[in-house]
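To keep things clear, I will list the structure first and then write my remarks on it.
Just so it is clear, none of the values below were taken in a lab; they were calculated from the coordinates. Predicted model only: the values in this text are computed from it and were never measured. Cβ sites come from the backbone with ideal geometry, for glycine too, and all protein chains shown count toward neighbours.
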Amino acid sequence: MKKVIKYIMLDILRNKIVLAYMICLLLFSFGLFMVEDLPEKSLISILTLNLTLVPLVGIIFSTMYIYNSSEFIELLVAQPIKRKTIWFSMFIGLSFALSIAFLIGCGLPILIFSPNTQGLTMIVTGVLLSLIFVSIALFITVYIQDKTKGIGASLLLWLYFTILFDGIVLFVLFQLLEYPLENLIVGLSILNPIDLVRIVSLLKMDISALMGATSAVFRQYFTGSIGYLISYGILLLWIIIPLLLSTRKFIKKDL
Amino acid sequence: MIKIKNINKRFEKLHVLKDINISFEAGNIIALIGPNACGKTTLIKTILGMVIPDSGTIEVMDKSIQNQWLYRDQIGYMPQIGKYPDNMTVGQIIEMVEDIRTKDDKNLDKELYESFKIYDILNKRMNTLSGGTRQKISAYLAFLFNPKILILDEPTAGLDPISSLILREKILKEKENGKLILITSHILSELDDMIDRIAYMEDGKMIFDKTIEEVKSETSETKLWNAIAHIMNQNNN
């Protein structure tokens, strides 16, 4: 397995996109910290980056990479290697490359300018988001044969998680304004890893007052060690479930 | 060495393998022939575990291959169209496959390295290679690990006559070493005097599986190609 991961990593590194992504993140993060006097303010801007760019690059890069590696996968499948090993190596290779890019691009500036729990939350959730979207990309590519359709699905899914989901939640809220909906909102946020990360990070930043009336409910649910444990647990599930479902499909796939 | 029992495979509505039963023994060269899209490549891919059959069993060296992967250690596969990562060089591909497959006892067969002059193209990227050159690399990788079973899908399709001849000699030599060699081809003339058995497929069905002598005596034709044509006509009538 180590050898397969090694060759996948080498292959990804030959591809300059990850490097470009890292430099982009680095420039953004340093820039944001330089412009603002208060590191907290910059952190909020970085959070936006974290919640949009990281998932976008994670899902699109991974989807394209796997489609473009079909020859590589075919070559490996005919060798005495377990299919599960090949698929997990894909996941690990992609996750590792994107996480390293994020850790250097965003993690480094955060550690320099804001080495506190808020900064740390940002780094951990950024890495988790990278892994989640690699996992979702694996899920998409194994179920959709056609490359164009697959990339389209990735983009739509990203759009759904970053924008549409919030729209739907707001719509539901306005429709059911008379009812006590706090629990429903908390429940819904589980269905979107980006929302969950946003809530966890904002609560850590002590600016949850900005989130209005429901923030009290969120506080109640998401702070305290059990709340954190549950929310991180759910983020981990967002990695594990798509990964396992895609592995199950990949093992039986005709190549 | 390879036993295939009641294999069925459907690709959505298309029934590509219809209840295939056949077995292949060591020390033989077997030609798997048939018109295009008759299921030859799919059958080969089921043996390699690249395509999973809907029903039936396949045994390689007396062990079912279902959910197995180590048996592929004993198989060298030369695909019809060698697909390799475009951005890697020939040297990198060879090095990678070697690294992934080699066990402690290094027993590599590098004969084709010399005869195909692979050392000349080590630094070329895969996407710059012609079809024939890819074939040479596929052939080299198939023979490299000294496998007991060689599966060659249209091995000479893109090769020039000299390389074809080299590969042919190599195949005969490995047969002498007691290996099972399974070849698909529709160019029968070049197989004529080297094969032991013929398995003929049509439309997903195994029509017959006979030794070369049986085929020739049954049809009283001396040329293999004529003999096959004879049988094909019989089947159509």
Item to check | Estimated FRET transfer efficiency (A:R14, B:E98; beta-carbon r; R0 25 Å; 0.05) | outcome: 0.85
Checklist outcome for this item: Dividing the mean separation of Cα pairs under 8 Å (6+ apart) by the residue count of the range B:1-135 yields a relative contact order in percent of 22
Checklist entry - Helix A:39-68: angle to the longest alpha-carbon principal axis of chain A, degrees 0 to 90, nearest 10? => result 20
Item to check | q = 0.13, 0.15 Å⁻¹: log10 I(q)/I(0) that the Debye formula gives for chain B, counting C-alpha atoms only | outcome: -0.82, -1.08
Checklist entry - How much space per residue, in cubic angstrom, does the convex hull of the C-alpha atoms of the protein assembly as shown take up? => result 177
Next on the checklist: Debye calculation, C-alpha points only, no solvent: report log10 I(q)/I(0) for the range A:70-113 at q = 0.20 Å⁻¹, in the same order as the q values.
Outcome noted: -0.66
Item to check | Relative contact order computed over chain B (Cα-Cα under 8 Å; 6+ residues apart), in percent | outcome: 28
Checklist entry - Using Cα atoms only, what is the angle between the long axis of helix B:90-101 and the major principal axis of chain B, expressed in degrees (0 to 90) to the nearest 10? => result 70
Next on the checklist: If you split all Cα-Cα distances of the range B:10-99 into 10 Å bins from zero, what percentages do you get per bin, shortest first?
Outcome noted: 12, 40, 33, 15, 0
Next on the checklist: Could you work out [θ]222 nm for the protein assembly as shown from helices alone, using -39500 (n - 2.57) per DSSP H run of at least four and dividing by all its residues? Round to the nearest 500 deg cm²/dmol.
Outcome noted: -18500 deg cm²/dmol
Next on the checklist: Cut-off under 19 Å on the C-alpha distance; same-chain residues fewer than 8 positions from B:K124 excluded. Which aspartates and glutamates are left, in chain and number order?
Outcome noted: A:D11, A:E71, B:D86, B:E95, B:E98, B:E114
Checklist outcome for this item: Rounded to 0.05, the calculated FRET efficiency for the beta carbons of A:T52 and B:N36 at R₀ = 56 Å is 0.70
Checklist entry - When only C-alpha pairs under 8 Å and at least 6 residues apart count, what is the relative contact order of the range A:51-169, in percent? => result 47
Checklist entry - How far, in degrees from 0 to 90, does helix A:17-35 lean away from the longest principal axis of the Cα atoms of chain A, to the nearest 10? => result 20
Next on the checklist: Greater than 31 Å separation of Cα atoms is the criterion. Which listed pairs, A:K82/B:K148; A:K253/B:K223; A:K41/A:K147; A:K253/B:K136, meet it?
Outcome noted: A:K253/B:K223; A:K41/A:K147
Checklist entry - Quick one: Karplus J couplings for the range A:101-108, per residue in order, coefficients 6.51, -1.76, 1.60, θ = phi - 60°, nearest Hz, x for Gly and Pro? => result 4, 5, 5, 6, x, 10, x, 4
Item to check | Estimated FRET transfer efficiency (A:L236, A:L173; beta-carbon r; R0 30 Å; 0.05) | outcome: 0.60
Checklist entry - By its C-alpha gyration tensor, with a ≥ b ≥ c as the square roots of the eigenvalues, how is the range A:82-184 shaped: rounded for a/c under 1.5, else prolate for a/b larger than b/c, else oblate? => result oblate
